[in-house]
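Read-outs throughout are calculated quantities, based only on the coordinates presented, and are distinct from any laboratory measurement. This is a predicted model, so every value here is computed, not measured. Cβ sites come from the backbone with ideal geometry, for glycine too, and all protein chains shown count toward neighbours.
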Amino acid sequence: MSAGQAEQLSTNGWALFRAGNGAGAMREFRAALTIDPENVDALIGLSQCHINRREFGVAESVADTLLQIAPNLPQSHRIKSEVLRYRRKLREALNHAQEAVRLDPDDPLSYHYLAVAHYDRKKSAKALKIIEQGRAIAPWYGVLAAQKALVLLETKGSKAAEPFADEALRISPDDRYVLTIAGQVALMRGKLEKARDLLGAVLSRDANDESVLSLYLLTDPKRYHLLRAHVRFRNWRMDNGLLGWGVWLLVWCALLLAFGVVAIAGRLPAMAVAIAYQLFWRWQYANHRRAVKAHFAHPKLDPAY
């Protein structure tokens, strides 16, 4: 077998990966590595598949092999940084992300990973600074605009994030990361139909994306009114300044009072009441979650979803 066959198998693997077929992608990447154990493209793909499957120990082993073979490749350090993030080795993750930028300061994807590493360490201002550096180099890269929207969503609210989410959509309307962040921002702004379309586009590619699935369920205008209000409340508070903070304090006082009354009247510990509250929300949409996931895995089942 030739190196050309290994390259073709790796290309097939990436096509399957982008289509959401992780198992098929892993099969092709492994076949490529059987022919050429030092095929960098296949090693990158295989490590990313393991990351997506949350198999971080195996992913790190593949990433280490990649680093040994291609220590001067920015992608080697980006992959290693991503694995270390998930394993909560944040300082080491930051070091590898910085090395990726040093190796290729013109690659916007490296700035994205470096900003993620700073944000994981609760350094939002540094993350935004890195994002702006990347945007100055590559204003055409929608991922950085979406990433800025995400950081602003978590730190300043959905109103501040929305312009950058919309900018990201204009630049990269088909990018999965952009669609996810824009959908999340739209949901927090109360634009349920827009959020539903954006998040549905992501799920149509990968029905197993649990985080996107959770957001998609909240876009159903006929269900989960209280749960949606609960999820959106933090952003609403930030969007409305002093009024938002005042309402936030009143709501929490009311909730604590209600929990106390229920606990005393029912002679239950307050912790038990809180746990029951969480279990209620989980039970409410567990069956619907499975049905929606099945629909996106087999889109012709029921167009109503």
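Across q = 0.15 Å⁻¹, the stretch 1-97 modelled as identical point scatterers on its alpha-carbon atoms has Debye log10 I(q)/I(0) values of -0.54, in the order of the q list. The 3J(HN,Hα) values that the Karplus relation (6.51, -1.76, 1.60; θ = phi - 60°) gives for the stretch 201-212 are, in residue order, 5, 5, 5, 5, 8, 8, 6, 9, 6, 5, 5, 5 Hz. Gly and Pro appear as x. With unit charges on the beta carbons (Lys and Arg positive, Asp and Glu negative) and the dipole taken about the Cα centre of the stretch 31-147, which residue among 73, 128, 63 sits farthest to the positive side? Result: 128. Within straight-line reach of residue 156, meaning a Cα separation under 20 Å, sit the following lysines at least 8 residues removed in sequence or on another chain: 122, 123, 126, 129, 148, 191.
Once the Cβ-Cβ distance of residue 192 and residue 2 is raised to the sixth power relative to R0 = 41 Å, the FRET efficiency obtained is 0.20. If R0 is 22 Å, the Cβ-Cβ spacing of residue 68 and residue 11 corresponds to a FRET efficiency of close to 0.40. Note: the stretch 157-227, Cα convex hull, 81 Å³ per residue.
Computed from label points 7 Å out along Cα-Cβ, the spacing between residue 34 and residue 55 is 1.5 nm. Which of rounded, prolate, oblate describes the stretch 90-185, given a ≥ b ≥ c as roots of the alpha-carbon gyration tensor eigenvalues and a/c under 1.5 marking rounded, otherwise prolate only if a/b is larger than b/c? Taking the square roots of the gyration eigenvalues as a ≥ b ≥ c, the stretch 90-185 is oblate. Pairwise Cα distances in the stretch 16-172 exceed 24 Å for 38 percent of all pairs.
Electrostatic tally near residue 11: other residues with Cβ closer than 12 Å to its Cβ, Lys and Arg +1, Asp and Glu -1, net -2. Taking 7 Å steps out from each Cα toward its Cβ at residue 102 and residue 154 produces label points 2.5 nm apart.
Under 5 Å between amide hydrogens, built in the peptide plane, is the criterion, and for residue 224 it picks out nothing among residues at least 5 positions away or on other chains.
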